[in-house]
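The values are calculated or read from the model by the stated rules, or taken from the named source; none is laboratory data. Quantities reported herein were computed from a predicted structural model and do not represent experimental measurements. Neighbour counts are summed over all protein chains in view; Cβ atoms, including those assigned to glycine, are modelled from backbone coordinates with ideal geometry.
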Amino acid sequence: MTENLHWLGHASFYAVSKKGTVVYFDPYQVKGGLPKADLILITHDHFDHCSPADIERVSKLGTVLVGPAGIVGKAPGSVRVLAPGGKMTLEDVSVEAVPSYNLDKPFHPKASGNLGYVAVLDGVRVYHAGDTDAIPEMKKLKVDVALLPIGGTYTMTAAQAAEAANAMKPKVVVPMHYGSVVGSMELAREFQKLCKCEVRILKPE
């Protein structure tokens, strides 16, 4: 279920559908030689999620850039703005924007309109949570693969993320937002021990 999902470190991923549609989430510090994006989904305007240089590096003519209103003017080119609850489709990939915010930290207030995404590729519902805490809206999501931040400080801790995963019950959960800007690699093992669902710890590419 994660065969076509690639972790680039931190909160950066790309996925490729069977028809070849390439979707990036929050490209950051990406290397050369990666496939160009048909669709780029940006969760919020912080430098490690909305990186103009990395957006340009994976873009091509016709790439569609999607994000919250807060990235307009910070991201290069035009932005298709979504708010929580907004939906769009590109080729064979459908996307729904969902809330993403902190409950007890000042870094990502709910009023900012930051986003997570549920992207459907080949019938698989992939949830990229963005920089978030374990918010009530998560419990309503029906997803197959959940990409959850575990680094603490700016997002959920490993224990909080495991609690969120156990409530959501995805088929597979992939930890992110650790081992780079914040959080040690050991957090992934701690998270894995606390989760009742399958955890896949990906190696950054």
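Residues that are buried (at least 20 other Cβ atoms within 10 Å of the Cβ) and closer than 19 Å to His46 by Cα within region 15-29 comprise Tyr24, Phe25, Asp26, Pro27, Tyr28, listed in sequence order. State whether the residues of region 61-71 include one that is among the β-branched types (Val, Ile, Thr) and modelled with pLDDT under 95. Among the residues of region 61-71, not one is among the β-branched types (Val, Ile, Thr) and modelled with pLDDT under 95, which makes the answer no.
Can you tell me how many residues in region 106-132 are of a type outside the set (Val, Ile, Thr) and either crowded, with 22+ Cβ neighbours inside 10 Å or at pLDDT 95 or above (or both)? Full working, then the answer.
So in region 106-132, the residues of a type outside the set (Val, Ile, Thr) come out as 106-117, 119, 121-123, 125, 127-131.
Now restrict to residues that are either crowded, with 22+ Cβ neighbours inside 10 Å or at pLDDT 95 or above (or both): 114-117, 119, 121-123, 125, 127-131.
Count: 14.
If I ask for residues that are modelled with pLDDT under 95, surrounded by 24 or more Cβ atoms within 10 Å (Cβ to Cβ) and farther than 25 Å from Ile71 by Cβ, which ones from region 133-166 would you list? Across region 133-166, the qualifying residue is only Ala158. Selection of first residues in region 117-144 that are closer than 28 Å to Lys18 by Cα and of second residues that are among the basic types (Lys, Arg), restricted to Cβ pairs under 6 Å at least 6 apart or on distinct chains, gives the following pairs, ordered by first then second residue: Val118/Arg125; Asp122/Lys18; Val143/Arg125; Asp144/Arg125; Asp144/Lys171.
Being within 15 Å of the chain's Cα centre (by Cα) and part of a loop (DSSP other than H, G, I, E, B), is that true of even one residue in region 57-65? Reasoning before the result, please.
Within region 57-65, the first condition is being within 15 Å of the chain's Cα centre (by Cα), and the residues that meet it are 65.
In the following step, the residues that additionally are part of a loop (DSSP other than H, G, I, E, B) were identified as none.
Looking through region 57-65, none of the residues is within 15 Å of the chain's Cα centre (by Cα) and part of a loop (DSSP other than H, G, I, E, B).
Scanning region 84-99 for residues that are exposed (fewer than 14 other Cβ atoms within 10 Å of the Cβ) and farther than 16 Å from Val124 by Cβ returns Gly85, Lys87. Does any residue of region 53-76 turn out to be within 25 Å of Asn102 (Cα to Cα) and free of Cβ contacts under 8 Å to residues at least 12 places away in the same chain? Within region 53-76, one or more residues are within 25 Å of Asn102 (Cα to Cα) and free of Cβ contacts under 8 Å to residues at least 12 places away in the same chain.
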